[in-house]
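Chemist: Dropping the structure in here first, questions after.
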Amino acid sequence: MAPLILNSLEKRFASAAPAVRDLSLTVQQGRFLALLGPSGCGKTTVLRMIAGFEQPTDGSILLGERLLADAATMLPPERRNMAMVFQSYALWPHMTVAENVGYPLTVRGVGKDRARQKVREALSAVRLEAYADRRPAALSGGQRQRVALARCLVTEPDVVLLDEPLANLDRHLRQEMEETFREFHSRSGATMIYVTHDQSEAMALATDVAVMSEGRLLQVAPPEVIYARPEGRIVGGLVGQGSILSVRMPAEEAVRHLDWPRLRDALLHCNVAAPRSDVLVRPQDVILDGSGIAAAVMSSFFEGERYALRLQLADGQPLRAFSRQAVREGETVRVVLQSGWRL
Ligand code: ADP
Ligand code: MG
């Protein structure tokens, strides 16, 4: 099936800097891509260009061989076979759940029996069979979200676009809905593009994470790769917990995975002639060990399974760590940094 291809995509609004710049990305059919980045970085603008609500200023969007949009071409949204799920759900209040879900089929002139069958399937996919005759006002936020999903499922879209769909829901419900999205994705086989500023949501849901900052795409990779091998400070700081240490290291060491002997050398025998490198150290890779280097405990919080520590190294750099044993603020501990990743 057809991949969704973004080619050097750019969007400029009247005044300021471009909202999206030189963004290239290919999403294979059936993937679940999370577009992750801070508020204002251009995520919604990318989604709206894919859906057909905004025209690119430069670059192009293709579905396989088919050109959907460029600066001179603009296929209208209804001819793209995509579905967009909005944060507000956009349900008709006067229609029942089944009527809402069946509405796109009515518009397309699908026969009554066939429409009824498809609505039943879609409602079962989101576990709402029992709610077919209710009106949206009689549903919870999570259930309304599921109706909106079912409504997009009946049209069998090639691409489903979701813009921060869980932003209005409380934490408990979000977890339940994450499960619904995963199930929806595996059932529908659609390509999904899911915009979020929440890194844990992106990591939990997606098969691929695309990290954006200031209109640019910084890295696209599966969640495990984004976590273990982030490209640069922004991605490293955005995804997962960790500390970014600045160390001096000989430039010829092009190694990115750093082990303890290397890190210890860099931290203890600071070679002032060597250039600075940013090294990401995850808290679970910081081990309390008498053979390590000294660190002052600035704060210690009991999280249930462990203590979350904020440490300070001798040179003043902060470092986060976990400990299973009780550690008190003001103590000095010794730590071994088992591994680091050069950004
Ligand atoms: P995000 O979804 O990541 O929060 P947006 O895509 O909504 O970011 O916005 C990216 C930038 O583009 C912002 O600076 C925003 O103010 C600007 N922008 C978005 N839509 C418009 C518009 N219709 N007119 C002018 N500027 C816009
Ligand atoms: Mg947005």
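The values are calculated or read from the model by the stated rules, or taken from the named source; none is laboratory data. On a predicted model such as this, the values are computed, not experimentally measured, just so you know. Neighbour counts run over all protein chains shown; Cβ positions are idealised from the backbone, glycine included. Keep in mind that these areas ignore ligands, DNA and RNA; they rest on the heavy atoms of the full protein, side chains included. Shrake-Rupley method; radii C 1.70, N 1.55, O 1.52, S 1.80 Å.
Chemist: Here are some conditions: (1) closer than 30 Å to residue 37 by Cβ; (2) touching a strand residue (DSSP E or B) at 6+ places or on another chain (Cβ under 7 Å). Residue 329 meets all but one. Which one does it not meet?
Modeler: In the conditions (1) closer than 30 Å to residue 37 by Cβ; (2) touching a strand residue (DSSP E or B) at 6+ places or on another chain (Cβ under 7 Å), residue 329 misses (1) alone.
Chemist: So, in segment 23-65, how many residues would count as being within 16 Å of ligand 2 (Cβ to nearest atom) and not β-branched (Val, Ile, Thr)?
Modeler: Number satisfying all stated conditions: 18.
Chemist: Which of the residues spanning segment 32-43 are in contact with a strand residue (DSSP E or B) (Cβ under 9 Å, 6 or more places away or on another chain) and surrounded by fewer than 18 Cβ atoms within 10 Å (Cβ to Cβ)?
Modeler: 38
Chemist: Within segment 174-191, can one find any residue that is among the basic types (Lys, Arg) and surrounded by 17 or more Cβ atoms within 10 Å (Cβ to Cβ)?
Modeler: yes
Chemist: Can residue 292 be described as small (Gly, Ala, Ser), open to solvent by 40 Å² or more (accessible area, probe 1.4 Å) and without any contact (Cβ under 8 Å) to a residue 60 or more places away in the chain?
Modeler: no
Chemist: Which condition number in (1) open to solvent by 50 Å² or more (accessible area, probe 1.4 Å); (2) in a strand (DSSP E or B); (3) of a type outside the set (Lys, Arg) is the one that residue 326 fails?
Modeler: Unmet for residue 326, out of (1) open to solvent by 50 Å² or more (accessible area, probe 1.4 Å); (2) in a strand (DSSP E or B); (3) of a type outside the set (Lys, Arg): (2).
Chemist: Can you name the strands (runs of 3 or more DSSP E) wholly within segment 1-50 that have at least 1 residues being of a type in the set (Lys, Arg)?
Modeler: 4-11, 20-27
Chemist: Give segment 266-324 a look and list any residue that's over 18 Å from residue 247 (Cα atoms) and among the hydroxyl-bearing types (Ser, Thr, Tyr), or say none.
Modeler: Listed by number, the residues that qualify are 291, 299, 300, 307, 323.
Chemist: Same structure again: Are any residues in segment 192-214 away from ligand 1 (no atom under 16 Å from the Cβ) and open to solvent by 40 Å² or more (accessible area, probe 1.4 Å), and if so, which ones?
Modeler: Those that are away from ligand 1 (no atom under 16 Å from the Cβ) and open to solvent by 40 Å² or more (accessible area, probe 1.4 Å): 200, 203, 204, 207.
Chemist: Just checking: which of the strands (runs of 3 or more DSSP E) contained wholly in segment 145-252 hold 2 or more residues that are at pLDDT 90 or above, away from ligand 2 (no atom under 16 Å from the Cβ) and over 25 Å from residue 28 (Cα atoms)?
Modeler: 243-248
Chemist: Being touching a Gly at 6+ places or on another chain (Cβ under 9 Å) and at pLDDT 95 or above narrows it down to one residue among 296, 308; which is it?
Modeler: 296
Chemist: Next up: Output the number of the condition that residue 13 fails; it satisfies all remaining conditions of (1) more than 13 Å from ligand 1 (Cβ to nearest atom); (2) at pLDDT below 95.
Modeler: (1)
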